[in-house]
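In what follows, a structure is listed as structure tokens, so that the remarks can point back to it.
A short reminder: the numbers here are calculations on the coordinates, not readings from a lab. Owing to the predicted nature of the structure, the values given are computational and were not obtained by experimental measurement. Because the Cβ atoms are built from the backbone with ideal geometry, glycine has one as well, and the counts that use them run over all protein chains shown.
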Amino acid sequence: MDIQFHLTRLYLLDVRREPCYIFSMLVFLKLGGSLITDKDRPYTPRLELLNDLARQIFSTLQDNPDLHILLGHGSGSFGHQPASEYGTRNGVSGQKAWHGFAEVWRQASLLNRLVVDALNNAGLPVITISPASAVHTRDRKVVYWDLSPITTSLERGLLPVIYGDVVFD
């Protein structure tokens with residue numbers, strides 16, 4: 001699998017900050033959970049593919065110094081397994097369901113660690129931005145998302161990674 005970028009001018013504007021920061025050549029790249037894990041085998045990452053993708057991302061950034069990437073990835077066979085088992089997608093109530101919520105977070109975080117390790121091993125200055133601590137929802141709609149860690153990471157030349165995670169509603 002090869003990553004191909006067809007670059008156009010994309011912008012991330014944060015109008016709440018002074019001055020307004022603009023990132024030319026900003027790309028949101030999502031690695032789907034079914035791409036980076038084997039969805040037919042719970043908790044099974046595709047490590048060789050992850051390492052190859054990380055090397056391709058590194059090479060692309062080396063060849064395009066003005067490019068900024070915000071990387072996202074799904075939780076694949078890691079997060080979906082406990083989410084299905086505990087029914088967390090339908091809401092959380094009761095102690096058992098909250099334990100399930102925590103287990104979904106733990107499994108999604110484990111996969112995120114594998115992704116981050118592959119990116120780090122490829123030579124990328126990567127940092128995870130956890131949705132669980134930055135995003136708040138009400139009735140399954142985002143009401144607040146603190147974007148400052150993402151914009152600060154991009155400003156400092158880091159590769160921010162967000163991932164399929166639990167959020168409080």
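For the listed peptides 75-84, 94-103, a ranking on the average number of other beta carbons within 10 Å per residue, highest first, reads 75-84, 94-103. Computed on the chain, with alpha-carbon pairs under 8 angstrom and 6+ residues apart, the relative contact order is 22 percent.
Note on Asn64 and Ser34: with the Förster distance fixed at 30 Å, the Cβ-Cβ geometry gives a FRET efficiency of about 0.65.
Neighbour counts of C-beta atoms inside 10 Å place Ser109, Ser59, Ser93 in the sequence Ser93, Ser59, Ser109, starting with the fewest. Does anything in segment 70-111 have its amide N under 19 Å from the 7 Å Cα→Cβ label point of Thr44, and if so which residues? Answer for segment 70-111: 74-85, 107-108, 110-111.
For every helix of n ≥ 4 consecutive DSSP H residues, a contribution of -39,500 (n - 2.57) applies; sum these over the chain, divide by its total residues, and give [θ] at 222 nm rounded to the nearest 500 deg cm²/dmol. Walk me through the numbers before you get to the answer.
Values: 6 runs with 71 residues, N = 169.
The per-residue figure over the chain is -13000 deg cm²/dmol.
Per-residue extension of 0.36 nm, minus the Cα-Cα distance of Thr152 and Arg89, leaves a gain of 19.6 nm for this segment.
In the chain, the C-alpha radius of gyration followed by the widest Cα-Cα span (Dmax) gives 16.8, 51 angstrom. May I ask you to list the aspartates and glutamates whose Cα is less than 16 Å away from that of Lys30, ignoring any residue fewer than eight positions away on the same chain? Partners within reach: Asp2, Asp52, Asp165. The ranking of Tyr144, Tyr43, Tyr86 by Cβ neighbour count inside 10 Å, starting from the fewest, reads Tyr144, Tyr43, Tyr86.
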